[in-house]
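Worksheet: the structure to be examined is printed underneath.
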Amino acid sequence: MLLVAAVASGQGKTTVTAALARSLVRAGQRVRVFKCGPDFIDPMLLERACGAPVHTLDLWMVGPDECRRRLGAAAREADIVLVEGVMGLYDGTPSAADLARAFGIPVLAVIDASAMAQTAGAVARGLRDYGPVEMAGVVANRVASSGHAQMVASSLRDIPLLGSLQRQAQSLPERHLGLVLPGEQPWIDACLDELADALQLDEAAWEALPRLAPDAPEAPVIAPLLAGKTIAIARDAAFAFLYPANLDTLRILGARLRFFSPLADEPVPDGADAVYLPGGYPELHAQALAQAGNWRASINAVHAAGVPILAECGGMMALADELTDPDGRRWPMAGLLPGVVRMQARLAGLGAQALDTPAGPLRGHTFHYSRLETPLDPVQHTLRHPSGTPGEAVYRAGSLTASYFHGYFASNPQAVAGLFTRTAP
């Protein structure tokens, strides 16, 4: 079990984790991967690399007990468990280092060696000693040659160089919220195979790593508060930001899940007792959504019928009167929420937040580059973590609850059941 970390974002954590996962899978090993901190896109790539769902670990949003349970379960069924860190090793509250120390996970430091050689040793020792954390070793990323990798190795002193990855001719494409979705890249598997081929591992040092298996507490008993209910969930390239744990939580609550694609102009499935519109990239598909008459008519019909609708971030954007895309073009949306959504170059919201509900706080996060201009007054605001200051606005329009806030459903299943339950008029 290893936590893959770095000194900052952009050092190649995702690339190295994906390359390592694909390399080990091709060697016949069972690999499970986790992502530290709120993220939707990196887990999609890592799932493609390892062939298994990638869940989130976060001491605040997910909670220590659930993190320990998932780590323990993964360790029992896999030969190796990898956890990709978030930002720099010590960044955030909680940080990836906090997670590593909480569960005794050794750290595998990814060091971008493209503009350094022996200084890599100082970086690695600083990462190890500042916390401190247990340092399993280093992967030198973007090395120029085997000689360059050897210079890095000699600088590490008592820290092993577990592997190196030479500079790649092409990198994974990105856009404003992160990597381009793996499903949009037909060459993604070939790219992952190339990365696995390029990764040079010290097999002896790798085999010498300790194998950890944290104890896994029993999962809490959750009452089936949504038994007999059908929840329609939008899922396509415009509505792709779904935590696997959110779907698991809805199923544990007893709900039947039915997926549909607004981009394909599919209507909300008949008989839905509630609708969930997760986040994604509606701004990149605004024209298709504007022209999806079946979708727009159906969501208006279920709203008029009082069916509960939960819309998160991109889901909310698709329900406004109008969406202005990144090129400045204006497109009519479903019109359940009065107002206009405008994309902008600057980040508009980022960070861990919690939504207060009658059943207690529902934890989650926000990350968006757009703003909603609406005459509607918010019914409440989320609370930022750890400051407790007001965060994202939460709007209600009839049976619709909408916000830029992304909830992590497993943090409070009872609260989630309330969001999907019809209330008396």
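The values are calculated or read from the model by the stated rules, or taken from the named source; none is laboratory data. Since the structure is predicted, the reported quantities are computational estimates derived from the model, not experimental observations. Every residue, glycine among them, receives a Cβ derived from its backbone with ideal geometry; neighbour counts consider all protein chains shown.
Being of a type outside the set (D, E, K, R), touching a Lys or Arg at 6+ places or on another chain (Cβ under 7 Å), at pLDDT below 90 and over 20 Å from Ala27 (Cβ atoms) is the requirement here; does Pro186 meet it?
Numbers: of a type outside the set (D, E, K, R): yes; touching a Lys or Arg at 6+ places or on another chain (Cβ under 7 Å): no; at pLDDT below 90: yes; over 20 Å from Ala27 (Cβ atoms): yes.
When the stated conditions are applied, Pro186 does not pass them.
Filter segment 385-404 down to the residues that are within 18 Å of the chain's Cα centre (by Cα) and of a type outside the set (Gly, Ala, Ser) and list them by number.
Step one: filter segment 385-404 for residues within 18 Å of the chain's Cα centre (by Cα), giving 385, 403-404.
His385, Tyr404, listed by residue number.
With the structure loaded, tell me whether Ala272 is small (Gly, Ala, Ser), in contact with a helix residue (DSSP H, G or I) (Cβ under 8 Å, 6 or more places away or on another chain) and more than 21 Å from Pro43 (Cα to Cα) or whether it fails that test.
Working: small (Gly, Ala, Ser): yes; in contact with a helix residue (DSSP H, G or I) (Cβ under 8 Å, 6 or more places away or on another chain): yes; more than 21 Å from Pro43 (Cα to Cα): yes.
Taking the combined requirement at face value, the residue satisfies it.
Of the conditions (1) modelled with pLDDT of 95 or more; (2) over 20 Å from Lys229 (Cβ atoms); (3) within 25 Å of the chain's Cα centre (by Cα), Gly407 satisfies every one except a single condition; which number is it?
All conditions are met except number (2).
If I go through segment 41-69 residue by residue, how many of them are of a type in the set (D, E, K, R), crowded, with 21+ Cβ neighbours inside 10 Å and either out of contact with any strand residue (DSSP E or B) (no Cβ under 8 Å at 6 or more places or on another chain) or modelled with pLDDT of 95 or more (or both)?
Just the residues of segment 41-69 that are of a type in the set (D, E, K, R), to begin with: 42, 47-48, 58, 65-66, 68-69.
Applying the additional criterion that residues be crowded, with 21+ Cβ neighbours inside 10 Å yields 42, 58, 66.
Filter once more, so that each one left must be either out of contact with any strand residue (DSSP E or B) (no Cβ under 8 Å at 6 or more places or on another chain) or modelled with pLDDT of 95 or more (or both): 58, 66.
Number satisfying all stated conditions: 2.
Name the residues in segment 355-393 that are under 22 Å from Phe420 (Cα atoms), assigned to a strand (DSSP E or B) and without any contact (Cβ under 8 Å) to a residue 40 or more places away in the chain, would you? Please lay out each step first, then the result.
The first filter runs over segment 355-393 and keeps only residues under 22 Å from Phe420 (Cα atoms), leaving 355-366, 376-383, 392-393.
Next cut, assigned to a strand (DSSP E or B) only: 355-357, 360-366, 380-383, 392-393.
Hits for segment 355-393 are Asp356, Gln380, His381, Thr382, Leu383, Ala393.
Restricting to segment 88-121, what's the tally of residues that are surrounded by fewer than 19 Cβ atoms within 10 Å (Cβ to Cβ) and among the aliphatic types (A, V, I, L, M)?
4
I'm trying to understand the selection: among the residues of segment 58-73, which are farther than 17 Å from Tyr243 by Cα and of a type in the set (A, V, I, L, M)?
Of everything in segment 58-73, just one residue is farther than 17 Å from Tyr243 by Cα and of a type in the set (A, V, I, L, M), namely Ala73.
Against the condition among the acidic types (Asp, Glu) and either touching a residue at least 24 places away in the same chain (Cβ under 8 Å) or assigned to a loop (DSSP other than H, G, I, E, B) (or both), how does Asp98 come out, does it pass? Spell out how you get there, then give the answer.
Values: among the acidic types (Asp, Glu): yes; either touching a residue at least 24 places away in the same chain (Cβ under 8 Å) or assigned to a loop (DSSP other than H, G, I, E, B) (or both): yes.
When the stated conditions are applied, Asp98 passes them.
If Met1 passes every condition in (1) farther than 27 Å from Thr249 by Cα; (2) in contact (Cβ under 8 Å) with a residue 12 or more places away in the chain but one, which one does it miss?
Here Met1 meets the rest and fails (1).
Can you tell which of Arg329, Arg296 is crowded, with 18+ Cβ neighbours inside 10 Å, of a type in the set (D, E, K, R) and over 26 Å from Tyr408 (Cα atoms)?
Result of the check over Arg329, Arg296: Arg296.
Let me spell it out: the conditions are (1) modelled with pLDDT of 95 or more; (2) more than 22 Å from Asp325 (Cα to Cα), and Ala219 meets all of them except one. Which number is the exception?
All conditions pass for Ala219, except number (1).
Condition first: within 23 Å of Gly306 (Cα to Cα) and touching a Gly at 6+ places or on another chain (Cβ under 6 Å). Now tell me which residues in segment 225-277 satisfy that.
Leu226, Ala227, Thr230, Phe239, Leu277
Identify the residue in segment 1-23 that is of a type in the set (Gly, Ala, Ser) and in a helix (DSSP H, G or I) and, among all such residues, is surrounded by the fewest Cβ atoms within 10 Å (Cβ to Cβ). Quick ask: steps written out before the conclusion?
Within segment 1-23, the first condition is being of a type in the set (Gly, Ala, Ser), and the residues that meet it are 5-6, 8-10, 12, 18-19, 21, 23.
Now drop any that are not in a helix (DSSP H, G or I), which leaves 18-19, 21, 23.
Working: Ala18: 30, Ala19: 27, Ala21: 30, Ser23: 22.
So the residue we want is Ser23.
Looking at segment 292-343 only, could you name the residues that are in contact (Cβ under 8 Å) with a residue 24 or more places away in the chain, of a type outside the set (Gly, Ala, Ser) and in a loop (DSSP other than H, G, I, E, B)?
Residues satisfying the conditions are Val307, Pro308, Cys313, Leu319, Asp325, Pro326, Arg329, Met333, Leu336.
Among the residues of segment 132-150, write down those that are outside any strand (DSSP E or B), surrounded by 17 or more Cβ atoms within 10 Å (Cβ to Cβ) and touching a helix residue (DSSP H, G or I) at 6+ places or on another chain (Cβ under 8 Å). Spell out the reasoning first.
We begin by selecting, within segment 132-150, every residue outside any strand (DSSP E or B); these are 132-134, 144-150.
Filter again for surrounded by 17 or more Cβ atoms within 10 Å (Cβ to Cβ), leaving 133, 148-149.
Val133, the sole residue that qualifies.
Within segment 151-163, count every residue that is surrounded by fewer than 22 Cβ atoms within 10 Å (Cβ to Cβ), among the hydrophobic types (A, V, I, L, M, F, W, C) and part of a helix (DSSP H, G or I).
So the answer is 2.
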